[in-house]
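To start, the structure under review is shown below, and the notes come after it.
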Amino acid sequence: MSATLERVSTMDGNAIAARIDELAQLSDDPGCLTRLTLSPSHKKAAALIGEWMRTAGMHVRVDAAGNVVGRYEAEKPDASKVIIASHIDTVRNAGRFDGNLGVITGIAVVGELNRQGRRLPFAIEVVAFSDEEGVRFSSTLSGSRAVAGVFDAACLDDRDSDGVSRRQALLGFGTDPSKIAEAACNPANTLAYLEVHIEQGPVLEARNLPLGIVTAINGATRGEVVVKGEAGHSGTLPMAMRRDAMTAAAEMILAIEAHARTGADIVATVGRVEIPNGAVNIVPGQVRFSLDVRSSSDDARSRAVADIQQEIARIAAARNVSAQFTATYDMPVTTCDANVIKAMSRAFVQNACEPFMLGSGAGHDGMSFRGRIPVGMIFARCRSGISHNPAEFASPADMGAAARVLFDLLLDTGAFA
Ligand code: GLV
Ligand code: MN
Ligand code: MN
């Protein structure tokens, strides 16, 4: 049997697509895909992923951070390991490929090794991380941070919009948050962190390429701005006497956009705005809005955040309100490993794919492993560059190609030197 035929059964793009569709049925919202971290649908997804891992020949456990970990042993005991991972939590009204593709591809590749009865010089751990999106709680990447050994215990006290703490949510998920330290890998025997992900942008499609090699993941700052004015009666308070927190926030949001538009390498987004106790007949007394700033340059990002803070303070003073920015997340650029990139390039060429390099504008679990173990990422083409949207789409052919490249990368003896 030729190598190509041997690979068909588990790394076939249609088989991967069928699993993507099956997993997408597990949602907390019947009308769309919403699978927030540690929710009931996350629990069901973790169980399904565990079943698929077992079928692929892995031993499965759920660690204390809610990650599903499937281990495929090496040819000899006590060998080092390679982690292949992504996340199975989603944003609200999500696309089905973001995160899920990387986990399913990892399982497909191990399934193929298992089908061929093949063991490698290193073990493989496929991990379905529990918390990449940072939508339910203000902190993020807690699953991958636990595995990377950089978990911040303070995030256990974060609360979701219903007042449930992450600690309580983990207990409800069936894990013991006091044991999170046990989830950490040992960098001394972890050779690399690998992830396949949908690009979530338009670059590969514009170049008519199925796959790309990620050079670096942009850094990000996230936080919240609280604007405080004074609540009042919408019918009686003259316009000139108002200290309207919402109109001040609106001006700040436009200033943020204008600032980001002047920088070549900056994106800034306000994705959530709340008026606590807001009502049609109340002049808003308080507004909270999120801020997300990203760049491929840490200096440019720090400067942009400082400039935005200054603009916010200027607008607050002019409108006689107060404004306070609190950063909840600050992650520098993660540069992918040069040796892994070289080996990926070989695997691309072997599979008749151009080894095209691109940066990642989106954040990924690999950021948690920055400076600890070598990180490598493969992007699959994303239709129209649309992501965080139900229209997100990667073709079965491209997903199958990603699996085959990942498979060949694992067989490359120079990849994790
Ligand atoms: C995750 O999708 C992020 O980049 O925010
Ligand atoms: Mn993702
Ligand atoms: Mn995402």
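For the condition assigned to a strand (DSSP E or B), modelled with pLDDT of 95 or more, under 19 Å from LEU120 (Cβ atoms) and in the same structural domain as ASP152 (by TED's automatic domain parsing), GLY70 qualifies.
Number of residues in the range 14-48 that are touching a Leu at 6+ places or on another chain (Cβ under 8 Å) and not polar (S, T, N, Q) equals 13. Taking the conditions (1) within 16 Å of ligand 1 (Cβ to nearest atom); (2) in a loop (DSSP other than H, G, I, E, B); (3) at pLDDT 95 or above in turn, LEU120 satisfies each one other than (1).
Here is a yes/no grid of residues against (1) within 24 Å of GLY134 (Cα to Cα); (2) assigned by TED's automatic domain parsing to the domain that holds THR190; (3) in contact with a Ser or Thr (Cβ under 9 Å, 6 or more places away or on another chain); (4) in a helix (DSSP H, G or I):
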site	(1), (2), (3), (4)
ILE373	yes, yes, yes, no
GLY376	yes, yes, no, no
PHE379	yes, yes, yes, no
ASN389	yes, yes, no, no
PHE393	yes, yes, yes, no
MET399	no, yes, yes, yes
ALA402	no, yes, yes, yes
LEU406	no, yes, yes, yes
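Within the range 82-104, at least one residue is among the hydroxyl-bearing types (Ser, Thr, Tyr) and within 16 Å of ligand 3 (Cβ to nearest atom).
Search the range 199-243 for residues being of a type in the set (A, V, I, L, M) and within 16 Å of ligand 3 (Cβ to nearest atom), and hand back the single one that is nearest to ALA318 (Cα to Cα). Among them, the one singled out is ALA220.
Can you pull out every residue in the range 105-134 that is surrounded by fewer than 24 Cβ atoms within 10 Å (Cβ to Cβ), within 16 Å of ligand 3 (Cβ to nearest atom) and not acidic (Asp, Glu)? GLY134 - this is the single residue of the range 105-134 that is surrounded by fewer than 24 Cβ atoms within 10 Å (Cβ to Cβ), within 16 Å of ligand 3 (Cβ to nearest atom) and not acidic (Asp, Glu). For the range 321-334, the criterion of being in the same structural domain as SER234 (by TED's automatic domain parsing), part of a loop (DSSP other than H, G, I, E, B) and more than 27 Å from the chain's Cα centre (by Cα) is satisfied by at least one residue.
Among the residues here, MET53 does not qualify as part of a loop (DSSP other than H, G, I, E, B) and either more than 17 Å from the chain's Cα centre (by Cα) or at pLDDT below 95 (or both).
The values are calculated or read from the model by the stated rules, or taken from the named source; none is laboratory data. Because the structure is a prediction, the values reported are computed rather than measured. All Cβ positions, even for glycine, are placed from backbone atoms using ideal geometry, and neighbour counts span all protein chains on display.
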